[in-house]
Amino acid sequence: MRLRSLLYVPASSERFIAKAHERGADAIILDLEDSVAPDQKQAARDGLKHAVAQAGRGGATVFVRINAAPELRMADAEAACRAGAFGLYVAKTRSPQELNEIAAQLAPIEQEIGRPPLAFVALIEDAGAILDARAIARVERVIGLAAGGEDIATSMGAEALPDVLRLPKLMVHLAAKAEGKLSFGMLPTVADYRRLDVLEAAAREAKAHGFDGASCVHPSVVPVLNASYAPSAEQIAWARTVLDAAQAAEVEGRGAFALNGTMVDAPVVERARHVLEQAGDLH
């Protein structure tokens, strides 16, 4: 599954939902949490039965970000399930138990309506959850993790500065990768979506670290994420060369081999294969 760009859209805004499928994002996150005023949350939840189908018209994967408050979370999850969303962005995930409780409530509903289990992306947003991130990533339904920089900084009594957030975000990233799950985000917090040059640099840095994609709140950022989290033409050419050489070396009975003055062994070949998988060019 290719999830380079995940565009947040307020689930309370019919105008934004109507245009969501035109933005070119790999995924749309219909937000029931921060972008929806308290007095609009019920209406936004009720509207999911139409909003999910609208947002997915262009082929994007549709998630719903659910509220963390106990009195809202389960109702949000059930509504997303019945509306046909692919998965949930679970705000302020603190433990595997929370996710397992949501899954247990959804399972009979999914069976009743005959749909696949919802996938979860766990949003890690406080210091304690960072330390439990690998256990959270082990939950069967979890396909990926993302770190919420502003909330993490607040939970630590810190400022959301790049040097402050770099380690926590990398810890969440490593937890995801250790369990073979997707990892979303960028290392610095880039609040100004108009600074596309800064966003591009941050996204390319994250891609170099192995992040798979990132979320955004403005459609203008989507093309930047799509380009930055995809392999470059140079990387694709390198990967093809490596795999061709590896195939030739295998025929000759060689494992490691030299290519353009550089030794190539199994991890390098696997990395080249991953590049072509990301590019959709592995045959």
Could you check Val64 against (1) open to solvent by less than 40 Å² (accessible area, probe 1.4 Å); (2) in contact (Cβ under 8 Å) with a residue 40 or more places away in the chain; (3) out of contact with any Leu (no Cβ under 6 Å at 6 or more places or on another chain) and say which number it fails? (3)
In the stretch 100-117, what count of residues is obtained for those that are out of contact with any Leu (no Cβ under 9 Å at 6 or more places or on another chain) and not polar (S, T, N, Q)? 10
Does Gly47 qualify as being open to solvent by less than 30 Å² (accessible area, probe 1.4 Å), modelled with pLDDT of 95 or more, farther than 29 Å from Ala227 by Cβ and not aliphatic (A, V, I, L, M)? yes
Is it the case that some residue within the stretch 145-156 is on the phi > 0 side of the Ramachandran plot and touching a helix residue (DSSP H, G or I) at 6+ places or on another chain (Cβ under 7 Å)? no
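For the stretch 168-196, which positions are β-branched (Val, Ile, Thr) and farther than 14 Å from Leu145 by Cβ?
The first filter runs over the stretch 168-196 and keeps only residues β-branched (Val, Ile, Thr), leaving 172, 189-190.
Result: Thr189, Val190.
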Residue satisfying condition, being open to solvent by 10 Å² or more (accessible area, probe 1.4 Å), more than 18 Å from the chain's Cα centre (by Cα) and on the phi > 0 side of the Ramachandran plot, within set Gly114, Gly59, Gly24: Gly114
Unique match (being open to solvent by less than 80 Å² (accessible area, probe 1.4 Å) and touching a residue at least 60 places away in the same chain (Cβ under 8 Å)) among Val198, Val221, Val190, Val268: Val221
Cross-chain or 6+ apart pairs with Cβ under 9 Å, the stretch 36-52 first and under 10 Å from Val64 (Cβ atoms), then polar (S, T, N, Q) and part of a helix (DSSP H, G or I): none
Condition met for Pro108 (within 27 Å of Gly59 (Cβ to Cβ) and either modelled with pLDDT of 95 or more or not in a helix (DSSP H, G or I) (or both)): no
Of the conditions (1) open to solvent by 30 Å² or more (accessible area, probe 1.4 Å); (2) modelled with pLDDT of 95 or more; (3) under 30 Å from Lys19 (Cα atoms), Gly180 fails just one. Which one is it? (3)
For the stretch 67-102, how many residues meet the condition of being open to solvent by 10 Å² or more (accessible area, probe 1.4 Å) and of a type in the set (Gly, Ala, Ser)? 7
Out of all the residues in the stretch 229-265, which are open to solvent by less than 50 Å² (accessible area, probe 1.4 Å) and in contact with an Asp or Glu (Cβ under 7 Å, 6 or more places away or on another chain)? Tyr229, Ile236
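The values are calculated or read from the model by the stated rules, or taken from the named source; none is laboratory data. These numbers come from a predicted model, not from an experiment. For neighbour counting, all protein chains shown are included, and Cβ atoms are generated from backbone atoms with ideal geometry for every residue, glycine included. Surface areas here come from the heavy atoms of the whole protein model, side chains and all, with no ligands, DNA or RNA. Shrake-Rupley method; radii C 1.70, N 1.55, O 1.52, S 1.80 Å.
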